[in-house]
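In what follows, a structure is listed as structure tokens, so that the remarks can point back to it.
The values are calculated or read from the model by the stated rules, or taken from the named source; none is laboratory data. These numbers were taken from a predicted model, which means no experiment stands behind them. Neighbour counts are summed over all protein chains in view; Cβ atoms, including those assigned to glycine, are modelled from backbone coordinates with ideal geometry. For accessibility, only protein heavy atoms count, side chains too; no ligands or nucleic acids. Shrake-Rupley method; radii C 1.70, N 1.55, O 1.52, S 1.80 Å.
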Amino acid sequence: MSTIERAEVFVASPGRNFVTLRITTSDGVTGLGDATLNGRELAVASYLKDHLVPLLIGRDPARIEDIWQYLYRGAYWRRGPVTMTAIAAVDMALWDIKGKVANLPVYQLLGGRSRDGVMVYSHASGTDVPSLLDDVARFRDLGYQAIRAQTAVPGIGGSYGVRKGVVYEPASTSLPDEQPWSTEAYLDFAPTYLTQVREKFGFGFHLLHDVHHRLTPIEAARLGKAVEDVRLFWMEDPTPAENQDAFRLIRQHTTTPIATGEILNSIWDVKDLITEQLIDYVRTTVTHAGGITHLRRIFDLAALYHVRTGSHGATDLSPVSLAAAVHVDLTVPNFGIQEYMPHVAETMEVFRTGVTLEKGMLNLSDAPGLGVEYDEKAAERHPYDPRYLPVARRLDGSVHDW
Ligand code: EZ4
Ligand code: CO
């Protein structure tokens, strides 16, 4: 029997920070897992190195489900982003190994393709409406079929989702950046600019918007109603996601589809949202919600209640995570959309991936396993670079949800 011989944790910053797990078996087969939790990277690295790696050595890498249960139930302390991200990395690496041993891509092990490709949405943003419209035009020209639109609120300054460079990267400083926020100004402005996007570009593509947890339920209901004619693909994270009850009120008031779940980690966090049909898209990811094994459990529950998938896919998830996401997206019956932002060149020199993008659709090569390789030598040139996500403050100085 082949056993797990080694499990190494790499923390590197090729363009941004990533935590990567590599498991090696006694037969010399390697598997990769993404363990990146933006702004809290070292907590997951320690959970893996200090607590999980000693439990893995000598185990049968083929027993993916059993190892998942052993790590989840065996901790006694359940759920939470650190625990679930660490378990996810192990799970991804074991699926990668299983695929390589079988000489099959992981999506074949998951039941094979349900679709020819994976529709993605990308991020258009602007410091004002004209620059946003230019950015939307750019993504339309690149062939994207779905675009998320975010703009700074006039008079307030920066807002969530406004890109500074080529790639949107919120974790930008060695101490949290503090950004101003006004719900009143945002609520007055957002419907106007989303309408302007439709007036200029029409309805021949999917338009998305991310509220980023900043409204109360009744404010979110008002926004959802105000943008019904814009026909959003979804209104994302209208309220802080941990209170599942809050979505009931939004739901009663608007037909604008709702997406949430990027910060949620387990099936228990989304159970009521799904079974009460309070959302339309569940945004849990393979990296933060317990790996392929657990994500599929969430997606299968969602399928029973007409909830489709819309996995988080920002650049703070590594190319290993994106590949794993695409393997799942290709197979599940209730796939909706995949978030996608290109990684910078330094990242792609460290992670060599078989994921391809054409006309706004992601696809995979037939490489066995997840199809990603980690260049340890290239990674060594990019040491860990501590960063924090920003904090939002209302105009009176009090802390708001970022
Ligand atoms: O702010 O991944 O929909 N995408 C998002 C992201 C999150 C970041 C936080 O690390 O909301 O941009
Ligand atoms: Co989001």
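Output yes when any residue across segment 239-247 is acidic (Asp, Glu) and more than 19 Å from GLY261 (Cα to Cα), and no when none is.
no
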- Exactly one of SER311, SER266, SER318 is within 16 Å of the chain's Cα centre (by Cα), modelled with pLDDT of 95 or more and farther than 27 Å from TYR144 by Cα, and that one is SER266
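Which of the residues belonging to segment 22-44 are over 18 Å from the mean Cα position of the chain (by Cα) and either free of Cβ contacts under 8 Å to residues at least 12 places away in the same chain or crowded, with 23+ Cβ neighbours inside 10 Å (or both)?
ILE23, GLY28, GLY31
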- Restrict the check to segment 192-203 and report whether at least one residue is within 20 Å of ARG393 (Cβ to Cβ) and not aliphatic (A, V, I, L, M). no
- Checking HIS343 against (1) touching a strand residue (DSSP E or B) at 6+ places or on another chain (Cβ under 8 Å); (2) assigned to a helix (DSSP H, G or I); (3) in contact (Cβ under 8 Å) with a residue 60 or more places away in the chain; (4) not charged (D, E, K, R), the condition it does not meet: (2)
- Note on the structure: Note on segment 349-366: residues surrounded by 13 or more Cβ atoms within 10 Å (Cβ to Cβ) and either assigned to a strand (DSSP E or B) or in the same structural domain as ALA93 (by TED's automatic domain parsing) (or both) are PHE351, ARG352, THR353, VAL355, LEU357, MET361, LEU362, ASN363, LEU364
- With criteria (1) within 16 Å of ARG78 (Cα to Cα); (2) within 16 Å of ligand 2 (Cβ to nearest atom), THR284 comes up short on (1)
- Query: Under 6 Å by Cβ, and 6 or more places apart or on different chains, what pairs join a residue from segment 292-317 that is touching a residue at least 12 places away in the same chain (Cβ under 8 Å) with one that is within 16 Å of ligand 1 (Cβ to nearest atom) and of a type in the set (D, E, K, R)?
  - Reply: GLY310/ARG283; HIS312/GLU262; HIS312/ARG283; HIS312/GLU339; GLY313/GLU339
- Within segment 149-161, is even one residue outside any strand (DSSP E or B), open to solvent by less than 10 Å² (accessible area, probe 1.4 Å) and within 15 Å of ligand 2 (Cβ to nearest atom)? yes
